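Colleague: Take this structure first; my questions come after.
Readers should treat all values here as calculations from the given coordinates under stated rules, not as data from a laboratory. Just so it is clear, the structure is predicted and the values come from calculations on it, not from any experiment. All Cβ positions, glycine included, derive from the backbone under ideal geometry; neighbour counts span all protein chains shown.
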2 protein chains.
Amino acid sequence: MIRVLLVDDDALVRAGLRMMLASASDMEVVGEAADGGEVVDLVERCDPDVVLMDIRMPSVDGLEATRLLRARPRGRPEILMLTTFTTDNYVLRALQAGAAGFLLKHTRPELIIDAVRRGAAGEPVMSPEALRQLIEAVTPRPAAQDAPAPPPAPGADDARRRLALLGAREREVALAVAEGRTNAEIAAGLHMSVPTVKSHVSHILTKLELNNRVQIALLVYRAGSV
Amino acid sequence: MIRVLLVDDDALVRAGLRMMLASASDMEVVGEAADGGEVVDLVERCDPDVVLMDIRMPSVDGLEATRLLRARPRGRPEILMLTTFTTDNYVLRALQAGAAGFLLKHTRPELIIDAVRRGAAGEPVMSPEALRQLIEAVTPRPAAQDAPAPPPAPGADDARRRLALLGAREREVALAVAEGRTNAEIAAGLHMSVPTVKSHVSHILTKLELNNRVQIALLVYRAGSV
DNA sequence: GCCCGGCTCATACCAAAGTCGGAATGTGGC
DNA sequence: GCCACATTCCGACTTTGGTATGAGCCGGGC
């Protein structure tokens, strides 16, 4: 039986996790905390194998709580960070604080359950997005001095590959979008109608499997074409 | 159909991989090489989606071959390193060479097939042992190793100074916006209502003298909070 | 006590973004 | 020539984003 401790300031999230984990017959939730400050005590009392820890919490955040837990002599429990966004480089900081894994909350339930199992077994666990961020953190591109190529940002290869899927006109629109311009401004600048710009944007979103123009901007930015 | 190229000096290993991949109906082996020197040519001819690359090879090793492949303009193919040992810290070097993943040969066949699928989709893939090695590489001391100055993009200081004008919650919203999320997603992720998100976004735009959320994303990106 | 600033939420309204279907053009293959 | 396919363009419609205004809650400073 894998003993799990939930740490999240949102009672709803805890309830959701509890229900999710209940569907796994080999694990049980042995405790819950709403803030990092309660965690150390709770771990002493509940003796969990795995802690699912939110990062953003009112007083003591997940990173600090992780450090506190890892400062204890014994190796257990394993700590899996569980958060919603990946923007800040929490990933690196969480790992450095001693987390055994990093998951996103929108990960499919069965994968979270699987991750808890792996975590309990001492395996490291990472959501794809978090892993990508970790990899980017360790692959700073050395400045290419010989090539006429402009500065390659992390992940630039992939970004460029995907931008290459676009038609010439579409690419122009994508670049304009990445400058924060509105469709009307783009239309004026590129001598086309607003509906046409929209059409291009729509095609770009489809081709690149994106959801909105902000993501276009980020992709272009990563490709270094700004 | 996922097109796979096998690169390994051992014909037996190649045969084994070929058989393994044959059990997946959505992939086909389009070529094989026994040395890194043949890879670039072969990629041109076979146009694979994924290269399964051994590290230890007679003349040109897998790391060098990976660098050669990634030096090409187009992003494809994705390169997955496939090796037997984790003793040397090949993991970091492979990732820095441009590999999209790192697998151990003794990984269970279905996991390798799954990894190829993920790799082809652009997801990073790591065997648990390799991931552990990667994590260890970033946990002791991240600062001292290679980049004394993390690339200070032009305007990063200014961007950070302006972000500092925001309140805590506003900053969180800004970061989420910079991930390309919709207001509804942000509301869900940050436990607030959509009107509140809009309110924050509006305040952010006013404070930072911006016009739309794309520009927020660009500012956050410039500030280096990616 | 009071006020103030930050955070929260609501309603309504207008502007911008994105979807859908359709159509004209051009290019390469048969 | 003809077809298939990609690119470019457009307009009508739906969804999302952003503004404006007002309000309630809390914690800190005076």
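Colleague: State, to one decimal in nm and shortest first, how far the label point of B:E44 sits from each corresponding label point in the other identical copies (label point: 7 angstrom along Cα-to-Cβ).
Modeller: Reported distances to equivalent positions: 6.9 nm.
Colleague: Additional query: Per-residue Cβ counts within 10 Å, from other chains only, averaged over A:119-132: what number is that?
Modeller: Per residue, the average neighbour count from other chains is 3.
Colleague: Considering all alpha-carbon pairs of region A:174-225, what whole percent are spaced by more than 19 angstrom?
Modeller: When every Cα pair of region A:174-225 is considered, 19 percent fall beyond 19 Å.
Colleague: How far apart are the A:D26 label points across copies, placing each 7 Å from Cα toward Cβ, in nm, shortest first?
Modeller: 2.6
Colleague: Please rank A:H203, B:H200, fewest neighbouring Cβ atoms within 10 Å first, as an exposure proxy.
Modeller: The order, fewest Cβ neighbours first, is A:H203, B:H200.
Colleague: Right, next: Could you line up A:L134, B:L21 from fewest to most neighbouring Cβ atoms inside 10 Å?
Modeller: Arranged by neighbour count, lowest to highest, A:L134, B:L21 become B:L21, A:L134.
Colleague: Ok, one more. Can you list residues from other chains, or at least 5 along the same chain, whose modelled amide H is less than 5 Å from the amide H of A:I2?
Modeller: A:M27, A:E28
Colleague: Something else about it: Under a 5 Å amide H to amide H cut-off, with H placed in plane at 1.01 Å, what residues pair with A:M126 once short-range neighbours are removed?
Modeller: Placed amide hydrogens put A:F102 under 5 Å from A:M126.
Colleague: Oh, and also: With only Lys, Arg, Asp and Glu charged, each at its Cβ (+1 for the first two, -1 for the last two), find how big the charge dipole of chain A is about the Cα centre; round to the nearest 20 debye.
Modeller: 760 debye
Colleague: I'd like to know how chain B sits against the 2.2 N^0.38 Å rule of thumb: what's its Cα Rg over that expected value?
Modeller: Taking N as the residue count of chain B, the ratio is 1.29.
Colleague: A further question follows. So what is the relative contact order for region B:2-138, in percent, with contacts set as C-alpha pairs under 8 Å and at least six apart?
Modeller: With pairs under 8 Å counted, the relative contact order is 21 percent.
Colleague: Now for a different question. For q values of 0.12, 0.14 Å⁻¹, compute log₁₀ I(q)/I(0) with the Debye formula on a Cα-only model of the protein assembly as shown, without solvent.
Modeller: So the normalised log intensities are -1.15, -1.44.
Colleague: Label position 7 Å from Cα toward Cβ: report the copy-to-copy distances for A:K198 in nm, one decimal, ordered from shortest.
Modeller: 1.9
Colleague: May I pose another question? Within a 10 angstrom radius of each residue's Cβ in A:214-222, how many Cβ atoms of other chains show up on average? Whole number is fine.
Modeller: That works out to 5 on average.
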